[in-house]
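Heads up, the thing below is written out as C-alpha cells.
FYI, it's all coordinate maths here, none of it is from the lab. All figures in this text were calculated on a predicted structure; none of them were measured in a lab. Glycine also receives a Cβ, built like all others from the backbone with ideal geometry; neighbour counts cover every protein chain displayed.
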Amino acid sequence: MAKLPITLQFNGGAELLFDNKKLHNVELISEHREWTIGKLLIWIKENLLKERPELFLQDESVRPGILVLVNDVDWELMDTVNYKIQPSDRIVFISTLHGG
Amino acid sequence: MQYFYILEFLYRKERMTSKDEISELKDEILELKTLLKQKEKRLKELINSSENCPYSTQLSCQEISRYSRHMLIPQIGMKGQIAMKQSSVLIIGLGGLGCPAALYLAAAGIGTITFVDYDEVEITNFNRQILHAEDNINVSKVESACDMLQANSNTLQNLFDKNKYDVVLDGSDNVATRYLLNDMCVLNQVPLVSGSALQMEGQLTVYNFEDGPCYRCLFPIPPPPDTVTNCGDGGVLGAVTGVIGALQALETIKILTKADNVMSGRLLIFDASSTTFLNVKLRKKQETCDVCGLKPKITQLIDYEQFCGSKAHDKVIDINILTEVENICVKELATLEKESVIIDVRPKIEYEICKLPNTINIPYTYFKDNKNSEDITKTLLSFRSKTSRVFFICRRGNDSQRTEASMLILSLLILHFPFTEKKTPEIEQDRDCL
Ligand SMILES: [Zn+2]
C-alpha cells in the first residue's frame, strides 16, 4: 500500500487538543484513491483527537475560529475540504488568538 | 538641613499610623504631579514657539533632529516624516499590545494618537503593559498612558464621526471588540492593524487594506465562547506582546508612509517557544462577506456581545449553579474540623503558585465529562474512614461548582458500587476563592 507522508501542525492553542504537541509527522495510507482535507479531518478525529471533538470540528469542517493552511497558504485558496493532499504537504491548523 | 528632614520624618512617623501616611503621601504626590505637568506644558510651549527651521515649513529644527534617524531611511525621508506628523491613529486597548505600539508610534512622531480603553491599571498588568507606572494603579489606562506619552484621549462614542483616522490599531482583549472594530473600519474605510497574543504565541495582520480581506472575510462566524482563552486565564509573556505590539507600530508606519508590502492578505504567526515566524498567504476580500462584500448585510454597527455570545471584556464572569447550602466561604472552612477532605481543582500550575495546607490537587479537567469517574470514586472512597465531607476549592469559584455538579451525579454511582456502604458522602465546596 502506498504511503502519503505529511506534516500536521497545530498552533494558537489548537495543540491542547492533541496532547499539547504542535508537530505531528504522519503517514496516511492511500487505500483511497486520493486524500482530501475533508477525509483528513475525519482521520484526525479518529486517530489524533484525544477529547472533545466539538472544540476542533463542526459540520464536517473545522469549527469557526480555526484557520487551515496548506503549505503556508489559506485553504480557502486551495478549495478547502476538497484539496487533494500531496506527499510532504504541511497542513497547519491555527486557532486565532484574541488576547492582548 | 538633611538632619532636619530626618527629625521631621521621625516625628511624623511617630505621629501617624502608616495608613494615614499612605493617604497623605498619595495626596502630596498628586499635587506635585499636577504642578509638574503644568510646568512641563509651559516649558514645551516656550521651546516650540522659539524654533523655526529655515529649510522646512512642515517640521521644526527640533523635530528634524529628533526624527533624523528615521528620516535618513530611504523609504521614509522627509516626505514620510511629514506624512506621519499629519496623520491620526486610533489605538484600541492599552494592554500588552497597545502599550509598546503607542510608545513606538509616539516616538516616531505621529501627529495625533487617540487612545481607547475601558479598563483601569492593576498590578497584574505590569509584566507586559510597559506604559503604566506603578503609582497609577486604579487610574484609567487612557489617563495613565497619556501621563507617559502626553497624547490626547477620548471615548469611543462618536469618535469616527468627529475624527478621521488614517489607521486603527487593534490591541483589544476580546472577540466582540474585534468584530466591532472590524465593522467600524470597513464602514469608515480605515485600515485595521490587528495584533493578538496568548502565552508564548502572537499573531499579526492588517485588515481592510486595498484588496485584502477583513476580519469577517476570514471569520464570518465568531468562535464558540468556550474555545476562547483570555490572558487572565492562560497568561501571556510580556516580551511576546512586545514583539507583536512593535510590529503593529511598524505596519502602521508603513501604511502612513505609503510603503510597499503591508501585511495585508497575509498573517504572521509568531511562536516564541521555538522563535519561529510563519508568514502565510490569506484569501482576498470575499465577495460574500457580510460587511465588505458585494451585498453587505451589515451597513451599521450591531450588538457585538449578542453576535459573539460573549462580553466585550476579558474579565471572568461568575457562575452560580449550586444552592447556598452547598456553598461555604473560606473563613467558615477554616473553623471546621481538621479531618475534612479538601480537593483543590485548579490546574497544577496554579496549585504550585500557592495552596492551602492539607489539600489534594485533582485538576477540574480530570473530573470533566465524568471520564475518570471510576478512578475518582476510588480516591473518594479511600477518604471514607476519615470523613464524610469533601470540599472543592478553586481560584474563582467556578470550576469547583462545575466539579461538584458532576460529583453529585457521581455520588449516585458510588451507591451502586457493591462494596460500598449505603451512605453518600456529603459534598460541599468553597465559594469564596483564592
Ligand atoms: Zn470582509
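Computed quantities for the displayed model
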{"quantity": "Debye, to nearest 20: dipole size of the range A:2-95, +1 on Lys, Arg Cβ, -1 on Asp, Glu Cβ", "calculated": "220 debye"}
{"quantity": "Out-of-range pairs (alpha-carbon distance over 31 Å; input B:LYS39/B:LYS315; B:LYS281/B:LYS348; B:LYS281/B:LYS315; A:LYS3/B:LYS368; A:LYS22/B:LYS348)", "calculated": "B:LYS39/B:LYS315; B:LYS281/B:LYS348; B:LYS281/B:LYS315; A:LYS3/B:LYS368"}
{"quantity": "Residue exposure sequence - A:LEU4, B:LEU97 - by fewest surrounding Cβ within 10 Å", "calculated": "A:LEU4, B:LEU97"}
{"quantity": "³J(HN,Hα), Karplus 6.51/-1.76/1.60, whole Hz, each residue of the range B:191-196, x for Gly, Pro", "calculated": "x, 10, 8, 10, x, 8"}
{"quantity": "Per-residue Cβ neighbour rank within 10 angstrom, fewest leading, A:TRP35, A:TRP43", "calculated": "A:TRP43, A:TRP35"}
{"quantity": "Shielding score for B:216-225, defined as the mean number of other chain Cβ atoms within 10 Å", "calculated": "3"}
{"quantity": "Stretch in chain A that is longest and holds no GluC sites (Glu not before Pro) that DSSP places in a loop and that have at most 14 other beta carbons within 10 Å", "calculated": "A:61-100"}
{"quantity": "Using θ = phi - 60° and Karplus 6.51 cos²θ - 1.76 cosθ + 1.60, couplings along the range B:172-184 (whole Hz; Gly, Pro as x)", "calculated": "7, 10, 8, 5, 4, 5, 5, 5, 4, 5, 4, 5, 4"}
{"quantity": "Leading residue at positive end of dipole, the range B:111-258 (Cβ point charges), from B:ASN174, B:PHE115, B:LEU187", "calculated": "B:LEU187"}
{"quantity": "Acute angle (nearest 10 degrees) that the helix A:37-47 long axis makes with the longest principal axis of chain A, alpha-carbon atoms", "calculated": "80 degrees"}
{"quantity": "Orientation-averaged projected area, Cα convex hull of chain A (nm²)", "calculated": "6.5 nm²"}
{"quantity": "Relative exposure of B:CYS214, B:CYS99, judged by other C-beta atoms within 10 Å (fewest first)", "calculated": "B:CYS214, B:CYS99"}
